[in-house]
Amino acid sequence: MLLFSAGLVSGQSRERTLRGNVVDEKNEAFPLVNVFLLQAADSVMVKGMAADTDGQYAFPGIGDGDFLIMASMVGFEKVYSNPFNFKGGVHQVPILRMIPEIQELSEVKVVAQKPFIEQEVDRTVINVENSIVAAGSTALEVLERSPGVTVDQQNDRLKLRGKEGIIVQIDGKQSYLSESELVNLLRNTPSDNIEKIELITNPSAKYDAAGNSGIINIKFKKNKNFGTNGNLSVGAGMASRNKPRANGMLTLNHKEGKLSWTATGNGFRGEGFNQQVIRRVIPFEGQNTTINSVSDSDWKAYYYSFRVGADYQATDKTTVGVLFSGFGNKWSNPLRFTEAELLNHDNSLQQSYTTSIQASNRMQNFSGNANLKHEFTGKGKELTFDVDYVQYDSKGYNFMDTRYVVPEGETALPDDIFRNNMPSKIHIGVAKLDYTQPVGKGKFEAGLKSSYVQADNNMVFETLSDQWWIDPSRTNRFKYTENINAAYLNFNNQLTAKTKYQLGIRAEHTHSIGNSVTLATIRDRNYVNFFPSVFLSHDLDSSNVLNLSYSYRIDRPNYQSLNPFEYYLDPYTFGRGNPHLRPQYTHSFQLVHVFKSFLNTTLAYSRIKDVIAQEVPHQIAEENKTYMTPDNLDHQNFLSLTLSAPLPVTKWWTFQLNATGTYNEYKTYYRNKLYDMSLLTYNLYGNNTIKLPDDWSVEAGGWLNGPGLYGMLAMKTQGALNFGVQKSFMEKKASLKLNIQDPFWTNRFRGGTQFEDIDLTIRSLWPSRQVRLTFSYRFGNQNVKTRQRNTGSDDLQQRVNTQN
């Protein structure tokens, strides 16, 4: 008996079972209910089963850990046990009681599944949820198939109707990530978590009047799941001329009780180069001087960023949150070497020179946001409030050494050696309030916003003779302040069952002061603008939808463009800021036609007054100097026709085609002469996605831009091909992707201008040819969703030039 009992005890100690039972609201056994064993930390499922006819269940062979049990059945609310710690033996889980899910139905409707593409009054909607077209894809892949959207995989950028600088929102709130961070996040976000994507190419009065490139809003599925999830992505690659680069990103999301938080870190380190070949012919006093120059430079850069946010659901209707983010980057040009020759009118050598430049730039940013969202009684009635503070701190340095050589018998110019330092600080403060109120079948929106910007740039320019001397003609301190106060009203409703409309008006008062302290000049601007918007949508029949819209918008100069500092390529070639820049205003019209939720056709026309062209060439003929500066052109007419369609060739092969034809016309005056340039051009983008067995996939695509205009520069055709292969594993939570960008190195810039005294041609080369290998892994409960939101300073931060 002693031996038998010892064996029995030993057998019991090895048993590792979780048991329990499920009852209904009357405490009677609930048969065949679905029961799931979940990890307590992140709600990831460990095992699942159906209870027996007596509502009992058992999970044998379970390892140690913290768990919870969930029971579910159609028509009943999900029920969870309390978390518990399991260390072996037999654990009895407390009884789970199922409660019927109560829904009040005023009427029963039979509703067909939504089409993949829908046209609403002010936006195009891509219905990702339950779509076979998007099943098993990533958020970035769905965007690639969206009408008018182009994904630049090489540079991690997004375009809408061929325009860059678009705003990307998540659940109606702008993501606070950089464009490259956002593309990486979307690349690792499964489309199964997305409800729909909204393309707003002509934003209404609710949105800031600044910017005319459009908005992409990604809406995730609603859920109440708890736990933790994350995305990890690391990559390395090699660009042309053996320039290495590496990047990494980690995103974490957590939700527990009333508290949720999100954190993202991102880093990049790489090397590259730039090569420019420039030819200029400069007329002066009946003679021409020709300057031929070749510049070559190598650069190194690193970038890091962080974003941490938390939300607390104070009540069922009220959520408060905070958000902190920042970044740091450094770009250094250890050596830029330029060789050039100046030729006389008869092509004889006037002189030659070599210039070496060392340059660097460092910028740091910190942003803080506090926000509140309150939902009133009644669906759709809510109030949101945001307060922001943003700071930028940058330091720039340049050192230039030029040595001249002249023909025998001529007197050479003395060596030209100078350096400049330019520290810069920008402070931004913003507060905004938005209110939404349903009215009948429509909706009323109203809001207020106030922002204040303060920028201080202090450039000290020094030349070397026997010692370093400050050059007062090129040293300058520039201060800029700007206050914008705005209010808007927006209303949408239905005229008939097939016709919808939306009306809006936004008023903005702007007061800006540009103070060039050294030059003792002040530019004070004080003005009020009204920005109306009108949208009309009509269902012609079950297969055709038309949408007509109009909006009036503004784009203000970025703060660095207003600073009259100079940056040099060589003694005869430099760039200069322009404190006299004016805002540009855009009248935008758009007609959209959607056929059978498949073929999307957009006809758009814009007339832009006082167009801001970032690089307009100017001559100082008596000194043989050419400089580029941002300037206002008189006006621009832009007409475009865009066709977009996803083409499912087979179940395993999808081809996405975007084709745009544009007519572009610039008119302005240069030295009192009319400059009139017009051009008919095109943009083509195509991408093939082929799904192979065993979770392999292949991508092949390319883009081609016809001859174009960039301010007063006419550009020649550009294009490139891209290839990629991907393997998914670990139940599609992990992937390894090999990308080859521009393998034939065709993406190069060629352009120029011939007008009046300007005869300029430029050819540029950079490391567009790249090979990259990227590993991505999604972990935790992928259904956990934290609240993404925008801040009131988003439009202002876009005007800070963070590129080097």
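Brief remarks follow.
- Scan the range 340-381 for residues that are within 30 Å of N624 (Cα to Cα), of a type in the set (S, T, N, Q) and in contact with a Gly (Cβ under 9 Å, 6 or more places away or on another chain) and the total you get is 2.
- A single member of V430, V387 is open to solvent by 50 Å² or more (accessible area, probe 1.4 Å), over 30 Å from L342 (Cα atoms) and not basic (K, R), and it is V387.
- Scanning the range 256-287 for residues that are touching a residue at least 60 places away in the same chain (Cβ under 8 Å) and closer than 30 Å to D757 by Cβ turns up N274, Q275, Q276, V277, I278, R279, R280, V281, I282, P283, F284.
- Candidate set: the range 69-83, residues that are within 11 Å of L37 (Cβ to Cβ) and of a type outside the set (G, A, S); chosen: the one most open to solvent (accessible area, probe 1.4 Å): M70
Here is a yes/no grid of residues against (1) among the β-branched types (V, I, T); (2) modelled with pLDDT under 90; (3) over 26 Å from P630 (Cβ atoms):
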| site | (1), (2), (3) |
| --- | --- |
| F531 | no, no, no |
| D539 | no, yes, yes |
| Y559 | no, yes, no |
| N563 | no, yes, no |
| E566 | no, yes, no |
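- Positions within the range 52-66 being buried (at least 22 other Cβ atoms within 10 Å of the Cβ) and either without any contact (Cβ under 8 Å) to a residue 24 or more places away in the chain or on the phi < 0 side of the Ramachandran plot (or both), in sequence order: Y57, F59
- Meets criteria (open to solvent by less than 60 Å² (accessible area, probe 1.4 Å), modelled with pLDDT under 90, of a type outside the set (S, T, N, Q) and more than 35 Å from the chain's Cα centre (by Cα)) for P414: no
- Positions within the range 26-51 being farther than 23 Å from K87 by Cα and surrounded by fewer than 14 Cβ atoms within 10 Å (Cβ to Cβ), in sequence order: K26, N27, E28, L32, A50
- Whichever residue in the range 740-771 is part of a loop (DSSP other than H, G, I, E, B) and under 22 Å from D676 (Cβ atoms) and, among such residues, is most open to solvent (accessible area, probe 1.4 Å): E756
- Among the residues listed as D694, D676, the single one being over 30 Å from N632 (Cα atoms) and either open to solvent by 20 Å² or more (accessible area, probe 1.4 Å) or part of a loop (DSSP other than H, G, I, E, B) (or both): D694
- All positions within the range 304-333 that are assigned to a strand (DSSP E or B) and open to solvent by 50 Å² or more (accessible area, probe 1.4 Å): Y304, F306, V308, Y312, Q313, V320, V322, F324, K330, W331
Matching residues to (1) farther than 30 Å from L503 by Cβ; (2) assigned to a strand (DSSP E or B); (3) hydrophobic (A, V, I, L, M, F, W, C):
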site: K373; (1), (2), (3): no, yes, no
site: F385; (1), (2), (3): no, yes, yes
site: D393; (1), (2), (3): yes, yes, no
site: G429; (1), (2), (3): yes, yes, no
site: K443; (1), (2), (3): no, yes, no
site: L448; (1), (2), (3): no, yes, yes
site: N457; (1), (2), (3): yes, yes, no
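- Condition check for S473: modelled with pLDDT under 90, open to solvent by 40 Å² or more (accessible area, probe 1.4 Å) and of a type in the set (S, T, Y): yes
- Out of L546, L519, one residue alone is aliphatic (A, V, I, L, M) and under 30 Å from V125 (Cα atoms). It is L546.
- Checklist (1) under 31 Å from the mean Cα position of the chain (by Cα); (2) in a loop (DSSP other than H, G, I, E, B) applied to T496, failing item: (1)
- Failed item in (1) open to solvent by less than 40 Å² (accessible area, probe 1.4 Å); (2) in a loop (DSSP other than H, G, I, E, B), with F461 passing the rest: (2)
- Residue list for the range 465-493, restricted to those being over 32 Å from the mean Cα position of the chain (by Cα), part of a strand (DSSP E or B) and not basic (K, R): W468, W469, I470, N476
- Among the criteria (1) touching a residue at least 40 places away in the same chain (Cβ under 8 Å); (2) open to solvent by 20 Å² or more (accessible area, probe 1.4 Å); (3) part of a strand (DSSP E or B), the one F574 does not fulfil is (2).
- Check on N371, surrounded by fewer than 15 Cβ atoms within 10 Å (Cβ to Cβ) and in contact (Cβ under 8 Å) with a residue 12 or more places away in the chain: no
- Beta carbons closer than 6 Å, at least 6 apart along the sequence or on distinct chains, pair a first residue in the range 438-449 that is among the hydrophobic types (A, V, I, L, M, F, W, C) with a second that is open to solvent by 30 Å² or more (accessible area, probe 1.4 Å) and in a strand (DSSP E or B) for F444/Q437; F444/F491; A446/Y435; A446/L489; L448/L433; L448/A487.
- When S606 is tested against (1) of a type in the set (S, T, N, Q); (2) modelled with pLDDT of 85 or more; (3) open to solvent by 20 Å² or more (accessible area, probe 1.4 Å), just one condition goes unmet, and that condition is (3).
- Among the residues making up the range 249-261, a single one is open to solvent by 20 Å² or more (accessible area, probe 1.4 Å) and under 16 Å from V183 (Cα atoms): L250.
- Taken residue by residue, the range 280-287 has no member that is within 36 Å of the chain's Cα centre (by Cα) and open to solvent by 30 Å² or more (accessible area, probe 1.4 Å).
- Taking the criterion of being of a type in the set (V, I, T), under 14 Å from G20 (Cβ atoms) and in a loop (DSSP other than H, G, I, E, B), the only residue of the range 55-79 that qualifies is I62.
- Sub-7 Å Cβ pairs linking a first residue in the range 228-255 that is farther than 26 Å from G272 by Cα to a second residue that is among the acidic types (D, E), at least 6 apart or interchain, are T228/D42; N229/D42, ordered by first then second residue.
- For the range 288-303, taking the residues that are of a type outside the set (S, T, Y) and under 19 Å from E622 (Cα atoms), the one that is surrounded by the most Cβ atoms within 10 Å (Cβ to Cβ) is identified as I291.
- All conditions in (1) under 21 Å from K733 (Cα atoms); (2) out of contact with any Phe, Trp or Tyr (no Cβ under 8 Å at 6 or more places or on another chain); (3) at pLDDT 85 or above; (4) not aromatic (F, W, Y) hold for G227, with the sole exception of (3).
- Selection within the range 499-524: residues that are at pLDDT below 90 and in a strand (DSSP E or B). The member of this set that is nearest to V453 (Cα to Cα) is G514.
- Checked against the criterion of being touching a strand residue (DSSP E or B) at 6+ places or on another chain (Cβ under 8 Å) and among the hydroxyl-bearing types (S, T, Y), the candidates T384, T315 yield just one match: T384.
The values are calculated or read from the model by the stated rules, or taken from the named source; none is laboratory data. Being a predicted model, the structure only gives us computed values, none of them experimental. Reconstructed Cβ throughout: ideal geometry from the backbone, glycine too, with neighbour counts over all protein chains shown. Heavy atoms of the whole protein, side chains included, go into the accessibility calculation; ligands, DNA and RNA do not. Shrake-Rupley method; radii C 1.70, N 1.55, O 1.52, S 1.80 Å.
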